[in-house]
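First the structure, in the form of structure tokens, and then the observations on it.
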Amino acid sequence: MSATLTQPKNPARRRFLQDAARGTAGCAVAGMSLAWFVQDARALPDRAIRPPGALPEEDFLAACIRCGLCVRDCPYDTLVLAELGVDGAATGTPFFTARDIPCEMCEDIPCVAACPTGALDKELTNIDDSRMGLAVLIDQENCLNALGLRCDVCYRVCPAIDEAITLERRHNERSGHHAIFMPVVHSDHCTGCGKCEKSCVLPGEAAIKVLPIRVAQADQAEHYKRSWEENTPLVDEIIDLPDRLPGTGTDNLAAPGGFEPTFKLPQGATTGGIGQ
Amino acid sequence: MTVSTHLPVGAEAIRDKGYWLAYRFLILRRLSQVFFLSLFLLGPWFGIWWVKGNLSGSLTFNVLPLTDPFIALQGIVAGHWPEMTALIGALIVGAVYALIGGRLYCSWVCPINPVTDAASWLHRKLDLPKGWQPKRGTKYFMLAMVLGVSVLTGTVAWEFVNPISMLHRGLIFGAGFAWALVIGVFVFDLLLARRGWCGHLCPVGAFYGLLGNKSLLRVTAQKRAACDDCMDCFAVCPEMQVITPALRGKDADTPLILSPDCTNCGRCIDICSVNVFHFTHRFDETPAPGRVRDRTNPAPKVGKAA
Ligand code: SF4
Ligand code: SF4
Ligand code: SF4
Ligand code: SF4
Ligand code: SF4
């Protein structure tokens with residue numbers, strides 16, 4: 001019995017099966033290592049900003065073939081390809097560092113035009129619509145404007161001045177009688193070009209930084225309604241208060257659709273009405 | 001140990017044919033590799049932008065798009081259908097290699113080839129042991145694995161580690177620590193596995209091999225009857241198993257080297273002092289009598305050649 005088990009009937013077939021099993025196992029190991037490495041290496045650092053029109057990062061890594069044609073056609077040498085172990089972005093993919101060279105927001109968007117794969121989306125035809133990132137006044141302790149000076153440099157260099165960055169006037173609590181002009185970034189206009197970060201006058205790190213949208217912006221609270229943006233009733237068609245139109249006295253007695261109280265006011269009481 | 005019974009590899013060829021004929025295709029290949037690399041370097045080094053990009057994707061004279069079809073394929077299985085420019089580029093490159101010779105890419109274009117050739121040369125000079133020899137076909141498993149990981153991770157997976165693009169892009173755009181990978185391939189081939197990378201593992205080579213399975217350009221061992229068993233061709237061929245069926249075939253067997261693993265490097269043509277091999281096309285049917293075997297001229301043990 002044991003002899004028939006240890007003596008394979010068909011050694012060639014057995015060897016084939018063993019080889020196939022070993023090949024598959026080897027591939028599984030190699031594949032898992034590669035998959036692990038890919039997962040590890042795909043994490044995009046917060047300071048690496050993708051070019052205009054870049055697909056969302058998950059799609060970008062399926063689309064970009066790392067050819068560098070976008071880099072070549074960028075007239076300002078803004079874009080670079082990530083180098084292994086030097087830049088954090090996936091090796092060979094294009095990005096820029098705003099503090100070094102920001103995007104100049106070319107009107108014809110040559111980087112997008114150069115991309116052969118669509119990793120930079122050709123749907124982007126107006127550079128003002130690009131959302132490479134979002135500027136954030138990240139150090140409000142050292143920003144000169146926040147200290148009460150009138151630096152204003154980031155505000156002045158912004159290609160979308162007064163839309164993407166505005167200066168909001170606040171009371172200077174410290175001096176008691178001066179104003180603070182806080183640079184405030186607005187996500188509906190900021191393209192993430194990084195010109196503000198580039199020109200922030202502070203030495204070393206900038207007080208205002210462009211961050212990827214995923215880092216810079218939170219999701220809206222679903223339950224909180226902004227009455228100043230949306231002026232629709234809280235609950236449709238259930239509460240419909242009677243319209244008050246001007247009429248005789250405060251109670252609108254004569255107005256059409258007016259509210260007829262069940263009690264009668266004493267004569268003369270109407271003279272004290274508000275706004276009379 | 002046994003005393004070496006014949007001259008060092010290549011000595012007979014140099015003696016009988018002269019230096020040029022003994023190294024012709026090697027020299028032409030190096031020139032071709034330098035040519036393709038310098039096309040890409042003209043821009044960044046001298047400001048002559050005839051060719052922009054790198055081997056993964058490029059644009060020549062601002063009209064001709066070229067894309068590596070294997071990278072395009074990984075992108076597609078990862079879930080991104082590329083734009084027309086990249087698709088056309090991949091079709092052009094794919095068609096050229098499928099028509100002429102798949103692994104022509106390996107021998108005549110790929111920048112890693114000089115690296116692994118150097119490792120193999122040094123390996124031969126130092127007479128090192130073969131080391132780990134994975135099964136034939138491992139590279140096809142690698143190819144399947146890479147496509148699988150591309151699907152699973154939704155990325156162009158091989159480009160995270162591919163030493164070819166690391167080296168090529170590194171030379172053109174700046175390498176960072178990509179050199180480490182290239183040195184890794186060299187050391188792997190030298191010390192761990194003879195001809196290990198290109199011969200057994202590289203999925204890019206496997207892809208181009210499959211692509212050119214029916215390609216035209218072929219080496220033939222048409223004058224195989226003249227073979228004197230010096231075994232030099234087996235020593236220099238990066239895929240020596242492809243030679244056997246053609247060289248040792250009987251009269252009725254084709255002398256064409258039809259295996260997709262053959263890289264069309266032509267090194268066997270150079271090294272053979274009796275000119276058994278030459279380049280031809282796959283439909284060449286010139287008769288090629290096999291060698292006459294008898295007791296005084298027994299068949300050699302091919303497997304022990306290297
Ligand atoms: S828009 Fe212009 S400056 Fe900005 S990355 Fe593209 S090419 Fe460069
Ligand atoms: S041109 Fe497109 S595919 Fe090429 S590196 Fe730039 S983003 Fe990637
Ligand atoms: S990144 Fe800065 S400069 Fe550019 S649009 Fe936004 S706020 Fe303006
Ligand atoms: S440039 Fe810098 S310091 Fe000046 S206001 Fe802007 S963020 Fe503040
Ligand atoms: S097997 Fe791979 S690394 Fe080797 S020459 Fe071919 S493509 Fe290049």
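Couple of notes before you dig in:
- Degrees between helix B:163-173 axis and first principal axis of chain B (Cα, 0 to 90, nearest 10): 50 degrees
- Per residue, the Cα convex hull of the range A:166-222 amounts to 137 Å³.
- For the protein assembly as shown, share of DSSP beta bridges that run antiparallel, in % to the nearest 5: 95 percent
- Residues of type lysines that residue A:195 reaches as a straight line, Cα spacing below 27 Å, ignoring anything fewer than 8 places off in the same chain: A:122, A:209
- Short to long, the 5 Å bins of the Cα pair-distance histogram for the range B:180-287 hold 2, 12, 21, 22, 18, 12, 8, 3, 1, 0 percent of all pairs.
- Taken residue by residue and averaged, Cβ atoms of other chains lying within 10 Å of the Cβ of B:165-176 number 5.
- Virtual paramagnetic centre 7 Å along Cα→Cβ of residue A:188, amide N under 20 Å, in the range A:115-133: A:126-133
- The label point for residue B:187 and the one for residue A:226, both projected 7 Å from the Cα toward the Cβ, are 5.6 nm apart.
- In straight-distance terms, cross-link reach from residue B:139 covers every one of the lysines whose alpha-carbon lies under 22 Å from its own, apart from those fewer than eight places away in the same chain; here that gives B:130, B:214.
- For the range A:102-168, the fraction of C-alpha pairs farther apart than 16 angstrom is 57 percent.
- Rounded, prolate or oblate (a/c below 1.5 giving rounded, otherwise prolate when a/b exceeds b/c) for the range A:1-106 by Cα gyration tensor: prolate
- Here the Kirkwood formula, the inverse mean of 1/r across different C-alpha pairs, assigns chain B a hydrodynamic radius of 20.6 Å.
- Panel order for B:208, B:23, by other beta carbons found within 10 Å of each beta carbon, from fewest to most: B:23, B:208.
- For the range B:75-197, pairs of C-alpha atoms spaced more than 17 angstrom apart make up 69 percent of the total.
- Positive-end residue, the range B:62-167 charge dipole about Cα centroid, Cβ charges, pick of B:100, B:133, B:72: B:133
- Ordered from longest to shortest, the equivalent ellipsoid semi-axes for the range A:23-180 are 39, 21, 12 Å, each the square root of 5 times a Cα gyration tensor eigenvalue.
- Straight-distance crosslink candidates among aspartates and glutamates, where the alpha carbon sits under 15 Å from residue B:125 and sequence neighbours closer than 8 are dropped: B:117, B:189, B:232
- Whole-Hz Karplus values for the range B:242-248 come out as 6, 6, 3, x, 6, 6, 9 Hz, taken residue by residue from phi with 6.51 cos²θ - 1.76 cosθ + 1.60 and θ = phi - 60°; glycine and proline positions read x.
- Relative to the dominant Cα principal axis of chain B, helix B:178-187 is inclined by about 10°.
- Ranked list, fewest to most other Cβ atoms within 10 Å of each Cβ, for B:248, B:103: B:248, B:103
- Distance from the range B:262-285 to the range B:203-256 (C-alpha centre basis), Å: 8 Å
- Cysteines not pairable in chain B (beta carbon separation under 4.7 Å absent): B:106, B:110, B:198, B:202, B:227, B:230, B:237, B:262, B:265, B:272
- The protein assembly as shown has equivalent-ellipsoid semi-axes of 71, 28, 21 Å, by the square roots of 5 times the alpha carbon gyration tensor eigenvalues, sorted largest first.
- Distances between every pair of Cα atoms in the range B:1-151, grouped in 5 Å steps from 0 to the bin holding the largest one, split as 2, 7, 11, 14, 17, 15, 12, 9, 7, 4, 2, 1, 0 percent.
- Ordered by the count of other Cβ atoms within 10 Å of each Cβ, fewest first, B:161, B:185, A:210, B:292 give B:292, B:161, B:185, A:210.
- Over the range B:20-107, equivalent-ellipsoid semi-axes from the Cα gyration tensor in Å: 26, 19, 10
No lab work stands behind these numbers, since they all come straight from the coordinates. Just so you know, these numbers come straight off a predicted model, no measurement behind them. Positions of Cβ are generated from backbone atoms using ideal geometry, with glycine treated the same way; all protein chains shown enter the neighbour counts.
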